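Colleague: Before we start, here is the structure in question, set down as structure tokens.
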Amino acid sequence: MSRAVPLPSRGSGASNDQTRRHNLSTVLSALHHDGPQPRSRLTALSGLNRSTIAALVAELVELGLASETDPDPTNRVGRPSPTVQGDPHVVALAVNPELDAVTIGVVGLGGKLLKRVRYETATPPTAREAANISAAVIAGFRDELEREGRICGVGVAVPGLVRVADGVVRFAPHLGWTDEPIAAMLTDATGLPAFAANDASVGAMAELLFGAGRGKTDLVYLNGGASGIGGGLIAGGVPIGGAGGFAGEFGHIRVDNSAGSYDDPEAGSLESQVNRGALLAALGLEKADADELERALLASEDPAVLALVHRQLEYLSTSLRNAVNVLNPEVILLGGFLASIFEADPDYLRACVEAQSLRVSFEGLEIKRAALGSDLLMIGAAELAFAPVLAAPAG
């Protein structure tokens with residue numbers, strides 16, 4: 001995941017003219033990831049003087065990326081300072097193709113999901129179909145978005161192995177995609193810059209920047225969706241992607257040695273034993289989005305459903321044990337249907353992981369659900385499109 005979403009500059013700025021672009025990036029990134037702030041706080045965080053911050057803010061306002069409000073006249077403590085915020089009309093578009101739907105979202109600067117459209121499909125969409133569906137949905141609200149502000153681009157969260165450098169999906173087995181240039185397809189279909197990465201990788205970054213991972217440096221995120229289970233890794237505050245950018249495929253860890261032959265790489269894998277389809281069948285549902293599935297799961301009083309949940313949590317704990325012992329994270333975050341089965345009995349999963357982990361590696365570990373819920377992949381995918389603007393606000 002090393003290049004999935006470039007980590008924004010968080011260091012101190014510098015006041016000389018050669019680093020003006022860096023300073024603009026520092027200020028805009030702070031507004032995007034930390035919300036509206038008094039100009040005085042931006043001064044303190046950046047290490048720049050007041051006049052430099054005032055000039056940078058004025059430039060961001062002129063670029064249409066920020067706005068400034070007058071200080072509160074009732075606040076008479078200290079020197080009043082205007083409040084600066086990123087312009088929420090600056091947006092990024094997000095796309096998440098899945099087995100049964102293509103979801104398209106609009107995310108404003110500041111990481112808030114403004115709109116989401118779920119376009120259901122009878123069969124897994126091809127890459128071309130996903131691009132065409134996305135372009136058609138985007139066309140329906142594009143004029144309004146561009147009248148009110150600007151669109152930075154399109155980010156795609158794909159349940160598969162993605163070469164981030166050019167947005168080519170090398171392999172998405174559940175979708176049936178191999179070497180599909182989804183980013184280029186979306187650029188051709190919309191005329192907007194497009195970027196793609198693994199869904200769990202962008203989910204991990206979204207939680208690090210906006211959710212339950214804020215303030216953490218070592219994090220493991222697992223996402224469960226209709227297309228299986230993926231993972232994202234943060235170590236020492238840095239996204240970890242491996243040599244090809246394909247690290248974090250927890251769904252393919254073998255958790256059941258009694259299942260099938262070693263000649264079949266998916267026999268006994270985590271996603272063969274822990275999957276959304278089995279949960280839907282147990283609940284008597286043909287289809288459901290993430291929120292509907294969770295509501296049905298938590299409302300169920302069927303002992304067979306609870307037994308299935310416990311069985312899936314046991315398999316999940318084996319995979320998490322490997323993460324604990326190998327990576328020693330501060331926190332493990334669960335999203336998608338994994339968050340739902342965890343919510344059904346969180347103490348059960350914690351006990352199973354602890355029983356299999358090295359004691360010292362488990363000490364202090366938090367296991368919890370991702371904070372951004374069903375918005376997570378939209379926010380994470382949008383970050384792909386925001387990243388170039390945050391890195392170079394002046395273009």
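The values are calculated or read from the model by the stated rules, or taken from the named source; none is laboratory data. Just so it is clear, the model here is predicted, and its values are computed rather than measured. Cβ coordinates were reconstructed from backbone atoms using ideal geometry, including for glycine residues, and neighbour counts include every protein chain displayed.
Here is a yes/no grid of residues against (1) among the β-branched types (Val, Ile, Thr); (2) touching a Lys or Arg at 6+ places or on another chain (Cβ under 7 Å); (3) on the phi > 0 side of the Ramachandran plot; (4) at pLDDT below 95:
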{"site": "Ala323", "(1), (2), (3), (4)": "no, no, no, yes"}
{"site": "Leu327", "(1), (2), (3), (4)": "no, no, no, yes"}
{"site": "Phe342", "(1), (2), (3), (4)": "no, yes, no, no"}
{"site": "Leu349", "(1), (2), (3), (4)": "no, no, no, no"}
{"site": "Gly364", "(1), (2), (3), (4)": "no, no, yes, yes"}
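Colleague: Let me ask something else about it. Quick one: count up the residues across the stretch 79-124 that are closer than 23 Å to Met185 by Cα and outside any strand (DSSP E or B).
Modeller: Number satisfying all stated conditions: 7.
Colleague: Shifting gears a bit: From the residues in the stretch 272-331 that are surrounded by 15 or more Cβ atoms within 10 Å (Cβ to Cβ) and basic (Lys, Arg), which one is nearest to the chain's Cα centre (by Cα)?
Modeller: Arg276
Colleague: Among Leu298, Leu285, Leu279, Leu313, which is part of a loop (DSSP other than H, G, I, E, B), more than 24 Å from Ala30 (Cα to Cα) and modelled with pLDDT of 85 or more?
Modeller: Leu285
Colleague: With (1) closer than 17 Å to Gly230 by Cα; (2) without any contact (Cβ under 8 Å) to a residue 60 or more places away in the chain; (3) touching a Gly at 6+ places or on another chain (Cβ under 9 Å) as the list, and Arg369 as the residue in question, which single condition is left unmet?
Modeller: (2) is the only condition that Arg369 fails.
Colleague: Tell me yes or no: at least one residue of the stretch 317-334 is outside any loop (DSSP other than H, G, I, E, B), out of contact with any Ser or Thr (no Cβ under 6 Å at 6 or more places or on another chain), closer than 30 Å to Leu186 by Cβ and not assigned by TED's automatic domain parsing to the domain that holds Asn96.
Modeller: Yes, some residue in the stretch 317-334 is outside any loop (DSSP other than H, G, I, E, B), out of contact with any Ser or Thr (no Cβ under 6 Å at 6 or more places or on another chain), closer than 30 Å to Leu186 by Cβ and not assigned by TED's automatic domain parsing to the domain that holds Asn96.
Colleague: Which members of the stretch 125-148 meet the condition of being assigned to a helix (DSSP H, G or I) and surrounded by fewer than 17 Cβ atoms within 10 Å (Cβ to Cβ)?
Modeller: Arg128, Glu129, Asn132, Ala136, Ala139, Gly140, Phe141, Asp143, Glu144, Glu146, Arg147, Glu148
Colleague: Take the conditions in the same structural domain as Asn328 (by TED's automatic domain parsing), at pLDDT below 90 and exposed (fewer than 14 other Cβ atoms within 10 Å of the Cβ) and apply them to Ser258. Does it pass?
Modeller: Answer is yes for this residue.
Colleague: Return the only residue of Ala200, Ala184, Ala157, Ala194 being modelled with pLDDT under 95 and under 25 Å from Gly248 (Cβ atoms).
Modeller: Just a single option satisfies the conditions, and that option is Ala200.
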